[in-house]
1. Which numbered condition trips up Ala113, out of (1) under 17 Å from Phe134 (Cβ atoms); (2) crowded, with 20+ Cβ neighbours inside 10 Å; (3) among the aliphatic types (A, V, I, L, M); (4) in contact with a Leu (Cβ under 9 Å, 6 or more places away or on another chain)?
2. Six or more apart or on different chains, Cβ under 8 Å: which pairs go from a residue in segment 118-139 that's touching a residue at least 12 places away in the same chain (Cβ under 8 Å) and farther than 20 Å from Asp82 by Cβ to one that's in a loop (DSSP other than H, G, I, E, B) and hydroxyl-bearing (Ser, Thr, Tyr)? Could you list them?
3. I'd like to verify a number: residues in segment 106-117 that are in contact (Cβ under 8 Å) with a residue 12 or more places away in the chain and in a loop (DSSP other than H, G, I, E, B), how many?
4. Report, ordered by the first and then the second residue, all pairs with beta carbons closer than 7 Å, sequence separation of six or more or different chains, a first member in segment 2-28 that is under 15 Å from Ala41 (Cβ atoms), and a second member that is assigned to a helix (DSSP H, G or I) and not polar (S, T, N, Q).
5. For residues that are surrounded by fewer than 18 Cβ atoms within 10 Å (Cβ to Cβ), under 19 Å from Asn37 (Cα atoms) and small (Gly, Ala, Ser), tally how many sit in segment 89-110.
6. Hey, any hits in segment 41-60 for a residue that's under 14 Å from Thr112 (Cβ atoms) and among the acidic types (Asp, Glu)?
7. Filter segment 41-98 down to the residues that are outside any helix (DSSP H, G or I), hydrophobic (A, V, I, L, M, F, W, C), more than 26 Å from Leu121 (Cβ to Cβ) and touching a residue at least 12 places away in the same chain (Cβ under 8 Å) and list them by number.
8. Test Ala22 against the stated conditions and say whether it is in contact with a Leu (Cβ under 8 Å, 6 or more places away or on another chain), surrounded by 14 or more Cβ atoms within 10 Å (Cβ to Cβ) and either at pLDDT 95 or above or of a type outside the set (Lys, Arg) (or both).
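The values are calculated or read from the model by the stated rules, or taken from the named source; none is laboratory data. Since the model is a prediction, treat every value here as computed from it, not as a measurement. Please note: Cβ atoms are built from the backbone with ideal geometry, for glycine as well, and neighbour counts cover all protein chains shown.
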Amino acid sequence: MVEVGEGEKRLLEAAMKAMKHAYVLWGFRVGAAVLGNDGKAYEGCNVESWVSGLGTCAERCAINHALLHGNRRIKEVAIVMDAEKLHEPRPCGACLQYIHDFAVDSKIMIVTAKAEKGRVLLETVRVRTLKELFPYPYRK
């Protein structure tokens, strides 16, 4: 099990609470929280549509929430999904690019976990840097 600090635990809890608001039609619930430059957590959830491409991922929703409150840089990301899904939580390619676009640098931590019955399963936590998950982002 990965050693998780209090800041990461708070961010994971915020992501788990956001996951409860996910609008799911065919997939699974995901919650995310980003740590803004102001030190506050901004949450988001996935919102699906029957039309492919119209939905939004939890990570982008959380970043947009931070932007709405004046934060153009994020310091950390947490992602939580339902424990019943077999694969591990991780951002999709579009979300990794979006995270890169607003991250303070490529060393920010992306903390992922699963949740069950209203609690984050700490034994499922994984911590990686943006650079590890997305070594070759698109740049200007």
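1. (1)
2. Going by the 8 Å Cβ cut-off, the qualifying pairs are Thr129/Ser106; Leu130/Ser106; Lys131/Ser106; Phe134/Ser106; Pro137/Ser106.
3. 3
4. Within 7 Å, the pairs are Ala18/Ala58.
5. The number of residues fulfilling the criteria is 1.
6. Yes, segment 41-60 contains at least one residue that is under 14 Å from Thr112 (Cβ atoms) and among the acidic types (Asp, Glu).
7. Within segment 41-98, Trp50 is the sole residue that qualifies.
8. Working: in contact with a Leu (Cβ under 8 Å, 6 or more places away or on another chain): no; surrounded by 14 or more Cβ atoms within 10 Å (Cβ to Cβ): yes; either at pLDDT 95 or above or of a type outside the set (Lys, Arg) (or both): yes.
Judged against the criteria, Ala22 is not a match.
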